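Everything on this sheet refers to the single structure shown next.
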Amino acid sequence: MTSFSPRVFSGVQPTGNLHLGNYLGAIAQFVPLQDRMPTIYCVVDLHAVTAKFEPEHLARTTREVTAAYLAAGIDPKKAIVFNQSQVKEHAELAWIFNCVARMGWLSRMTQFKEKAGKNRENASVGLFAYPSLMAADILAYRATHVPVGDDQKQHLELTRDIAQKFNNDFAERIAQLGLGVPNPTPSPELPDELYFPLTEPIIAGPATRIMSLRDGTKKMSKSDPSDLSRINLRDSAEEIAKKIRKAKTDPEPLPSEEEGLAERAEAANLVGIYAALTGGTKADVLRDYGGQPFSVFKPALADLAVSKLAPMADEMNRLLADPATIDAVLKDGAERAGAIAEPVLKDVRAICGFLDVR
Ligand code: TRP
């Protein structure tokens, strides 16, 4: 190989209800990339078991994320769509990366600190090692680009640190075995030839950071006890309209300029949702609705949300009524993914020097 070929990898966890934040912050970005380069979209079920989970629900939630991918417009003939547990190379590479990553690096991950909370002693080792599995997801395909929400930036930096340490620690063997790719961005800290690329995040614009409808300072989340705080991808038109009607706001009309949203988290969030659903900017929305009260803006937002989301919900429901078809998509995807990851793991075993007797 003379250079890393462009490849996109991303993943969504199959934990509970998918909501508007998952769609606008992640899945919606995946769709246009499938026409620009090879893409791999994974349902990361091995990540879903790092915290408490219900074995009885895992198959259903895995199919739900798959249905959301397809309903959003991901074409499984173009993109590879599969669930992580079916390609064993993820777990194998994650183990190697557990031995490359340092305790100190993982201890600094804010997502771990948040999810483990006060009771760190009782968090699973898997939750701590979560980012090395994520690095393995990406690097088992030597993926060059990863579209993710802004909250995953730190995990992508860690992925680069792991790739870089692997490239450095094994530089001599990578060169000896003829497995290196010329470093596309030469630097004094890096060897001339790399095995793993230094993967770049593709971060969605700020309008795609979707906040709770009940509290504009908190992210929209599937774990929020109030269902009114989020719009689920499978909510009916009535539910969507009701949640937007009840969304927390302030008594002022919308400002005409974006600066006017600065101290108004809830107003900013609703304007951001409108912008993201139309693919425009907050400034565009305020050009149309500046000076209008929420009694005008909310019904317009509800109509827009219903027109975008209801067809997707219908398509998800249609797909989920036929699990065999979803499973066939995942099976085909797992075979295509395995065909890429298998030779990578063969290289990695050779680079690490494992005795190969088979
Ligand atoms: N950690 C990601 C999230 O919570 C999910 C994920 C797992 C992922 N592996 C990945 C995202 C690889 C991108 C690439 O959103």
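The values are calculated or read from the model by the stated rules, or taken from the named source; none is laboratory data. Bear in mind the structure is a predicted one, so any value in this text is a computation, not a measurement. Reconstructed Cβ throughout: ideal geometry from the backbone, glycine too, with neighbour counts over all protein chains shown. Side chains included, ligands, DNA and RNA excluded: accessible areas come from the protein's heavy atoms. Shrake-Rupley method; radii C 1.70, N 1.55, O 1.52, S 1.80 Å.
Can you pull out the helices (runs of 4 or more DSSP H) entirely within the stretch 209-304 that have at least 2 residues that are β-branched (Val, Ile, Thr)? Full working, then the answer.
Working: elements: 237-246, 265-278, 282-289.
Ranges flagged: 237-246, 265-278.
Which condition from (1) more than 14 Å from residue 20 (Cα to Cα); (2) at pLDDT 95 or above is the one that residue 229 breaks?
Evaluating residue 229 over (1) more than 14 Å from residue 20 (Cα to Cα); (2) at pLDDT 95 or above leaves (1) as the failure.
Quick one: is residue 132 among the hydroxyl-bearing types (Ser, Thr, Tyr), in the same structural domain as residue 343 (by TED's automatic domain parsing) and either surrounded by 15 or more Cβ atoms within 10 Å (Cβ to Cβ) or assigned to a loop (DSSP other than H, G, I, E, B) (or both)? Full working, then the answer.
On the way: among the hydroxyl-bearing types (Ser, Thr, Tyr): yes; in the same structural domain as residue 343 (by TED's automatic domain parsing): yes; either surrounded by 15 or more Cβ atoms within 10 Å (Cβ to Cβ) or assigned to a loop (DSSP other than H, G, I, E, B) (or both): yes.
Judged against the criteria, residue 132 is a match.
The conditions are (1) touching a residue at least 12 places away in the same chain (Cβ under 8 Å); (2) in a helix (DSSP H, G or I), and residue 101 fails exactly one of them. Which is it?
All conditions pass for residue 101, except number (2).
Please work out which residue is modelled with the lowest pLDDT, limiting yourself to the stretch 9-26 and to residues that are touching a helix residue (DSSP H, G or I) at 6+ places or on another chain (Cβ under 7 Å) and assigned to a loop (DSSP other than H, G, I, E, B).
By that ranking, first place goes to 16.
State which residue pairs qualify: first residue touching a residue at least 60 places away in the same chain (Cβ under 8 Å) and inside the stretch 241-266, second residue open to solvent by less than 30 Å² (accessible area, probe 1.4 Å) in any location, beta carbons under 6 Å apart, and separation of 6 or more residues or different chains.
These pairs meet every condition: 241/302; 244/298; 244/301; 244/302.
Quick test for you: out of 200, 193, pick the one residue that is more than 21 Å from the chain's Cα centre (by Cα), in the same structural domain as residue 16 (by TED's automatic domain parsing) and surrounded by fewer than 19 Cβ atoms within 10 Å (Cβ to Cβ).
Details: 200 fails: more than 21 Å from the chain's Cα centre (by Cα).
When all the criteria are applied, what remains is 193.
Condition test on residue 273, is it surrounded by 15 or more Cβ atoms within 10 Å (Cβ to Cβ), touching a strand residue (DSSP E or B) at 6+ places or on another chain (Cβ under 8 Å) and not charged (D, E, K, R)? Let's see the steps before the verdict.
Values: surrounded by 15 or more Cβ atoms within 10 Å (Cβ to Cβ): yes; touching a strand residue (DSSP E or B) at 6+ places or on another chain (Cβ under 8 Å): no; not charged (D, E, K, R): yes.
Judged against the criteria, residue 273 is not a match.
Take residue 270 and tell me if it is of a type in the set (A, V, I, L, M), in the same structural domain as residue 241 (by TED's automatic domain parsing), modelled with pLDDT of 95 or more and more than 23 Å from the chain's Cα centre (by Cα). Let's see the steps before the verdict.
On the way: of a type in the set (A, V, I, L, M): yes; in the same structural domain as residue 241 (by TED's automatic domain parsing): yes; modelled with pLDDT of 95 or more: yes; more than 23 Å from the chain's Cα centre (by Cα): no.
Judged against the criteria, residue 270 is not a match.
Just give me the residues in the stretch 113-129 being surrounded by 15 or more Cβ atoms within 10 Å (Cβ to Cβ) and either more than 15 Å from the ligand (Cβ to nearest atom) or over 19 Å from the mean Cα position of the chain (by Cα) (or both), in sequence order.
Those that are surrounded by 15 or more Cβ atoms within 10 Å (Cβ to Cβ) and either more than 15 Å from the ligand (Cβ to nearest atom) or over 19 Å from the mean Cα position of the chain (by Cα) (or both): 116, 123.
Restricting the search to the stretch 5-29, which residues are more than 10 Å from the ligand (Cβ to nearest atom) and within 26 Å of residue 91 (Cα to Cα)? Lay out the reasoning, then the answer.
Of the residues in the stretch 5-29, the ones more than 10 Å from the ligand (Cβ to nearest atom) are 5-7, 14, 16-21, 23-24, 27-29.
5, 6, 7, 14, 16, 17, 18, 27 - these are the residues of the stretch 5-29 that are more than 10 Å from the ligand (Cβ to nearest atom) and within 26 Å of residue 91 (Cα to Cα).
Quick check on the stretch 93-105. Is at least one of its residues farther than 30 Å from residue 236 by Cβ, among the polar types (S, T, N, Q) and buried (at least 18 other Cβ atoms within 10 Å of the Cβ)?
Within the stretch 93-105 (the criterion being farther than 30 Å from residue 236 by Cβ, among the polar types (S, T, N, Q) and buried (at least 18 other Cβ atoms within 10 Å of the Cβ)), the answer is no, since none of the residues qualifies.
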